[in-house]
Every structure is written in structure tokens, then in C-alpha cells.
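Engineer: Please see the structure below; I have some questions.
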Amino acid sequence: GLGETEDELVRTMTAVRSAGARILTVGQYLAPSLRHAPVAKYYTEEFFVMIAEVGKKIGFDKVFSGPLVRSSYMADAI
């Protein structure tokens, strides 16, 4: 939500997987206050589904992708 491109996201996901990560979380940036960077773009549910599919193709064991997903998403269940 800060203006990154789809290509930048895929390159970052590939680098994270190459570093050995097996689980990926992808969420929507939401500005915590007016003093923080504004949201440049709100992504659709379809976008998050597509990102999850790309993550699986890159080789992640699990991909949690959605607008409210955070790095701690379901941490107690993994």
C-alpha cells in the first residue's frame, strides 16, 4: 500500500524465499495515524489470492495473504 509495484513484490518474495524463509505473510499497509505515510493503494481480495498463488509457485510452504494479515498472523498455529 506504499506504492510498490507487482514486480517489486515478486522480486522481494523471491529474495525472501532464496534467503530460506518457508512461510510468507502479505498484508495491506494501513497508516496507523495521520502522521504516518498515507496509503497509496488499497489492494483487492483478488490481488491477495494472486499473490498467494505466486508465493506457492516461488516455493513457500505456506502463504498467508490478505488485507488484514500481519507478520504474527496465526503464529500460535504454525
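The values are calculated or read from the model by the stated rules, or taken from the named source; none is laboratory data. Predicted model only: the values in this text are computed from it and were never measured. Here the Cβ positions follow ideal geometry from the backbone for every residue, glycine too, while neighbour counts run over all protein chains shown. Please note that ligands, DNA and RNA were not included when accessible areas were found on the heavy atoms of the full protein model with its side chains. Shrake-Rupley method; radii C 1.70, N 1.55, O 1.52, S 1.80 Å.
Engineer: Once the Cα gyration tensor of region 1-69 is diagonalised, what are the square roots of 5 times its eigenvalues, in whole Å and ordered largest first, as equivalent ellipsoid semi-axes?
Structural biologist: For region 1-69, the semi-axes come out at 22, 12, 11 Å.
Engineer: So how do 35, 11, 17 rank on accessible area, 1.4 Å probe, biggest first, that is with the largest at the start?
Structural biologist: Numbers: 35 215, 11 140, 17 70 Å².
The most accessible residue leads, giving 35, 11, 17.
Engineer: Let me ask you something else. At 1.4 Å probe radius, can you tell me the per residue accessible area of the chain in Å²? If you can, show how the numbers build up before the last one.
Structural biologist: Details: 5400 Å² over 78 residues.
Dividing the accessible area of the chain by its residue count gives 69 Å².
Engineer: Once you place label points 7 Å from the Cα toward the Cβ at residue 2 and residue 37, how far apart are they in nm?
Structural biologist: Using points 7 Å along Cα→Cβ, the separation is 0.3 nm.
Engineer: Another question about this same structure. Among the aspartates and glutamates, select those whose C-alpha is under 17 Å from the C-alpha of residue 62, and discard any that sit fewer than 8 residues away in the same chain.
Structural biologist: 53, 76
Engineer: A follow-up question, please. What's the magnitude of the charge dipole for the chain around its Cα centre, counting Lys and Arg as +1 and Asp and Glu as -1 at the beta-carbon? Answer in Debye, nearest 20.
Structural biologist: 220 debye
Engineer: Give me the aspartates and glutamates in straight-line cross-link reach of residue 41: C-alpha distance below 17 Å, same-chain residues under 8 apart excluded.
Structural biologist: 4, 6, 7, 8
Engineer: How far, in nm, would the chain grow between residue 14 and residue 70 when pulled straight, counting 0.36 nm per residue and subtracting the alpha carbon separation?
Structural biologist: 18.3 nm
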